[in-house]
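These notes are about the structure you will find just below.
Readers should treat all values here as calculations from the given coordinates under stated rules, not as data from a laboratory. Bear in mind that the values here come from a model prediction, so they are computed numbers and not experimental data. Here the Cβ positions follow ideal geometry from the backbone for every residue, glycine too, while neighbour counts run over all protein chains shown.
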Amino acid sequence: MTIDLLSRRICVLLFTCLYILSYLILTHFKKTAEFVTEDIEDATVNKIALWLCTFTLSVAVSAVLLLPISILSNEVLLTFPQSYYMQWLNGSLIHGLWNLVFLFSNLSLVFLMPFAYFFTESEGFAGSKKGVMARVYEAVVLLLLLALLVLGIVWVASALLHDNIARKSLYDLWEYYLPYLYSGISLFGVLLLLLCTPFGLSRMFSVTGSLLVKPRLLEDVEDTLDCTTFEEDALSRKLNCGSPSCWVKLNMEAMKKEHQTLRSQRIALEMRRKASPWQRNLGYPLAMIGLLALTVMCVLMVCFNVLELLLDETAMPRGMEDPHLGMASFSMFGSLGAAVQVVLILYLMVSSVVGFYSSPLFTGLLPRAQDTNLTQIIANCVSLLILSSALPVFSRTLGITRFDLLGDFGRYNWLGNFYIVFLYNMLFAGLTSASLIKTVTWAVQRELIRAFGLHRLPLTVSRSTVPFRLLLASGLSKIQ
């Protein structure tokens, strides 16, 4: 078996595993009623659209793993340069992965996802025979019309920006207009990451804090559990009442949903009450310190990259044809620095997803278990694909890694513009620092007010006007 054939099989095996993982994720969130229906035609259409969404999500996960796999592969080849079992791990494999992810990401974004949406919404042309193929014909026609519209917009944009190039014949579609379109999509994704990631970095503290058990100084689990149990019992008595009033009958469904929510909160609080002292007093502080360290490290690396941009031209992001794996480490700190780069890249991706779903514009896209319709699934897959496909360019532009972009990822027009790259780094450092300072100060103030019991003050009393002596006296009384 040749090394190239083995590399192809490894790529197929990796993508198959990611496809299975993506399918399990989507089946966890999909609305079962859309796929178990008496109309066989609708069920078939929904299953085909779900398969396309699964393919798109697996491509998005592959795009997230591009840089980590490339960086770790280089470190493995540095550690085992003459190993017979590592011959399959070479530059050709990594370069092929980058090209395949670029091809499939653009294929999914430009063709598959619009086709899936039109396919689910179509009913066939008027007068035609109903069936799945009638929907396919209508979806293909709508997709062609959309492609013509997008290409027309790209041609007009290129005419406004580059008049002499835009006058060329449309036979340059593959050589000029499609790369121009890909460059615009990548720029949109990178700008979306610029807005979502700083906000997500600040939201990571509250999201992580809600998943962990806080120390008793910061949270009174017993008090919260008693209040939740009392509210649940009160709702249970109202629901089990033999002769409810008329307004209770009208709000019965809302009361049942609220009762289920309170029950879930009570079970979660009971589990948190049973947490061990180590988990309570050590897990939460370590998690907060780890998040703070990762965020500060990201800001410092971006600031260092800004200085390098001013002093060294090689700090600009660029593409390369041959990755030259196993020659030198992409971090000045060796394998440890490479591991830190991988952790930071994955941390930035998670933060960007958290910030995306926490923003007011995209909160409605947040998927719910067993209650997400197919249109929302398509929108989520498109959003995640845009974010993940821009992650390699985002990480290299900010200087998180020194691994240059491979294949078509390094051919974007705006990457060579010093002012865009420099302004992008400055905006990211400024927005992240402002969000971090605001989050930390507000979190400390909120936890102090809750720990000293001042959150029980009446609403007519402004908590911001509570003097420091009252805080100190309340804290000393609690300690005593």
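For the reader, a short list of remarks on this structure follows.
- Formal net charge of residues neighbouring GLN341 (Cβ-Cβ distance under 12 Å; K, R +1; D, E -1): +1
- A cut-off of 5 Å between modelled amide H atoms, ignoring neighbours fewer than 5 places along the same chain, links LEU405 with ARG318, MET320.
- In terms of packing, defined here as the mean over residues of other Cβ atoms within 10 angstrom, the peptides 357-370, 326-339 line up highest first as 326-339, 357-370.
- In this structure, the residue pairs whose Cα-Cα separation is over 24 Å, taken from LYS30/LYS129; LYS47/LYS129; LYS47/LYS130; LYS31/LYS257; LYS31/LYS256, are LYS30/LYS129.
- Note on ASP223/LEU13: beta-carbon distance plugged into 1/(1 + (r/R0)^6) with R0 of 51 Å gives a FRET efficiency of 0.45.
- Qualifying GluC sites (Glu not before Pro) in segment 35-102, where qualification requires a DSSP coil assignment and no more than 14 other C-beta atoms within 10 Å, comprise GLU38.
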